[in-house]
1. Would you say Ile186 is under 18 Å from the mean Cα position of the chain (by Cα) and outside the structural domain of Ala72 (by TED's automatic domain parsing)?
2. Counting residues that are crowded, with 24+ Cβ neighbours inside 10 Å and in contact (Cβ under 8 Å) with a residue 60 or more places away in the chain, which strands (runs of 3 or more DSSP E) fully inside the stretch 175-247 reach at least 2?
3. Taking the condition under 24 Å from Ser245 (Cα atoms) and either part of a loop (DSSP other than H, G, I, E, B) or of a type in the set (Gly, Ala, Ser) (or both), does Arg154 pass?
4. Residues being modelled with pLDDT under 85, part of a helix (DSSP H, G or I) and among the hydroxyl-bearing types (Ser, Thr, Tyr): count how many of those fall in the stretch 23-67.
5. Out of curiosity, is Ile123 closer than 18 Å to Leu188 by Cβ, assigned by TED's automatic domain parsing to the domain that holds Ile214 and in contact (Cβ under 8 Å) with a residue 60 or more places away in the chain?
6. How about the stretch 223-242: which of its residues are of a type outside the set (Phe, Trp, Tyr) and over 22 Å from the mean Cα position of the chain (by Cα)?
7. Just to be sure before I move on: is Val17 farther than 23 Å from Pro146 by Cα, in a helix (DSSP H, G or I) and modelled with pLDDT under 90 in the structure I sent?
Amino acid sequence: MNGAEHKVDDDARRPDVIGAVANALELLHLFSDGSSIHVGSASKRLGLSRSTVHRLLNTLSSYGYVDHDAVARVYRPGPVLTEIGLVAVKSSDLRSIGQAALSKLATLTNETAHLSVLRKDEILCIDSIESTQTVRTGSRTGWSLPAHATAAGRALLAELSDEEVLAIFPAEIIEKRGEARELRRIDLLAELELVRARRYATNFGESEPDVSAIGVVLRDRQNRARAALSITAPRMRGDDGWMRSAGAAALTVAAEFGGIIA
């Protein structure tokens, strides 16, 4: 998908294609352009009536493929759709190599380590290895969190140009979502400049209360940013000194394993 309207052409379908199923699949495909679906925009892009789109989304929601955000009045990927995506990622070299990197990072820091990928304005955690300490942060596998408020998200957003970041966040104010606070775009761009300078991103309880985190980019053989490695720790341990040492450890591990990814 490239953002253009993608209308369903019933006449062009093979005779054995079930119309309602095809429409539902086209609807789910809209998630490739963003992290949420609005009934009105989906109706326009698919050439379907609003009532049809609404019924399809309600059906998909009842089976866990989408979740309805009543406050924002949009639909987001549900747990079933997320799990399908995770199954695909689990078969890739990114996750297999990422697991080895996570294991080393968790051992070096004795904190919980995560592997995440950027999906528009969100970060999706595809794997985690938990710390063995009694007081620790848990696995985030399968979680989607606002990219602007997470260390992993900021690490990957810093790989983009300012123009690309502004396209992901078109509003001057990035609205509060969950625990993530409201943020001005200009402040996000300034933070991303700091990330580029020190090569790792930080998060002091901005996406989750009482959790500190650092994030670094994991690159492939062509030096392209493929994912982010991050470490989370309870705020009682995650002070400035911890951020520096954890950031150094993560950069070392990312350099060791990044060049292996095809």
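The values are calculated or read from the model by the stated rules, or taken from the named source; none is laboratory data. Since we're looking at a predicted model, the values are computed, not measured. Virtual Cβ from ideal backbone geometry, glycine too; neighbours counted across all protein chains shown.
1. no
2. Details: elements: 201-204, 211-219, 225-234.
Hits in the stretch 175-247: 211-219, 225-234.
3. Criteria not met by Arg154.
4. Residues flagged as modelled with pLDDT under 85, part of a helix (DSSP H, G or I) and among the hydroxyl-bearing types (Ser, Thr, Tyr) within the stretch 23-67 amount to 1.
5. So Ile123 fits the description; yes.
6. The answer is Arg235, Met236, Arg237, Gly238, Asp239, Asp240, Gly241.
7. Values: farther than 23 Å from Pro146 by Cα: yes; in a helix (DSSP H, G or I): no; modelled with pLDDT under 90: yes.
So Val17 fails the test.
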